[in-house]
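Here the structure comes first, spelled out in structure tokens, and everything after it is commentary.
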Amino acid sequence: MEFKIEKSNSYTPQIGHLVSMMNYARYTTLQAVEGLSTKELDFLPSEDGNSISALLLHIAAVEVGFQIEIFENRRPNKEEAVEWGAAYELGEQGRQEIKGNSLEFYIEKLDEVRNRTLKEFQKLDDEWLYEERLWDNHNSNHYFIWFHVFEDEINHRGQMRIIRKML
């Protein structure tokens with residue numbers, strides 16, 4: 001694997017740069033959890049903490065949320081809220097509902113979600129990245145929002161590394 005931020009034949013130049021950054025963040029997240037058992041994934045570092053399994057599913061849930069908001073221009077429906085709610089919110093609901101799955105389960109969810117993002121990005125151009133929109137009551141643009149997706153992943157990857165050291 002090469003560690004470069006560069007253009008891609010599948011995307012416009014700036015979207016290719018964004019995808020390069022997202023891919024590297026994902027690569028390092030997967031490295032951080034490589035080889036973990038279900039028991040290790042479900043380990044809670046404190047009674048009000050999050051497990052690695054919950055953090056992995058949270059990463060996918062955040063991306064799904066932005067897919068719905070940005071690509072479909074709507075809020076999650078009831079079924080999506082039920083499917084992703086515990087992972088998105090974490091907390092007690094996440095501690096109760098997100099456990100008992102293998103690492104492969106979480107990797108498949110992450111891959112499934114990311115593949116949709118990448119397919120949607122292929123339909124867009126660099127001008128779209130700079131389109132302004134209101135996000136969380138702040139002026140923003142698509143570029144920042146998708147930067148936030150992998151910035152959030154990097155933050156949680158750091159938590160996973162700390163939890164892994166606790167095991």
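The table below gives the values:
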{"item": "Correct option for Cα extents along the principal axes in Å [calculated from the coordinates] among (1) 45, 33, 32; (2) 45, 40, 25; (3) 49, 38, 34", "result": "(2)"}
{"item": "Accessible area expressed per residue, the chain, with surrounding protein chains retained (probe 1.4 Å, Å²)", "result": "57"}
{"item": "Partner lysines for Lys99 [C-alpha distance under 18 Å; skip if fewer than 8 residues away on the same chain]", "result": "Lys39, Lys109"}
{"item": "Thr28, Thr12, ranked by accessible area, largest first (probe 1.4 Å)", "result": "Thr12, Thr28"}
{"item": "Stretchable slack from Lys39 to Ser102, in nm (0.36 nm times residue separation minus alpha-carbon distance)", "result": "21.8 nm"}
{"item": "Listed residues Tyr143, Leu124, Ile98: farthest to the positive end of the dipole of segment 90-167 (Cβ charges)", "result": "Ile98"}
{"item": "Estimated dipole of segment 100-156 in Debye, rounded to 20 [Cβ of Lys and Arg +1, of Asp and Glu -1, Cα centre]", "result": "160"}
{"item": "Net charge of neighbours whose Cβ lies under 11 Å from the Cβ of Pro76, counting Lys and Arg as +1 and Asp and Glu as -1", "result": "-2"}
{"item": "Under 10 Å, Cβ to Cβ, from Arg95 - net charge with Lys/Arg +1 and Asp/Glu -1", "result": "-4"}
{"item": "Carbon + sulfur, % of accessible area of segment 90-149 - ligands and nucleic acids excluded, 1.4 Å", "result": "45"}
{"item": "Size of electric dipole in segment 1-150: Cβ of Lys, Arg +1 and of Asp, Glu -1, about Cα centre, debye, nearest 20", "result": "200"}
{"item": "Heavy atoms of Arg26 accessible to a 1.4 Å probe, total area in Å² rounded to 10", "result": "20"}
{"item": "Distance in nm between pseudo-label sites at Asn141 and Gln122 (7 Å out along the Cβ direction from Cα)", "result": "2.6"}
{"item": "Test item: Cα-centred dipole of segment 124-163, Lys/Arg +1 and Asp/Glu -1 on Cβ, debye", "result": "380"}
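The values are calculated or read from the model by the stated rules, or taken from the named source; none is laboratory data. Because the structure is predicted, anything quoted here is derived from the model rather than measured. As a convention, Cβ positions derive from the backbone with ideal geometry for all residues, glycine included, and neighbour counts pool all protein chains shown. These area figures cover heavy atoms from the full protein model, side chains too; ligands, DNA and RNA do not enter into them. Shrake-Rupley method; radii C 1.70, N 1.55, O 1.52, S 1.80 Å.
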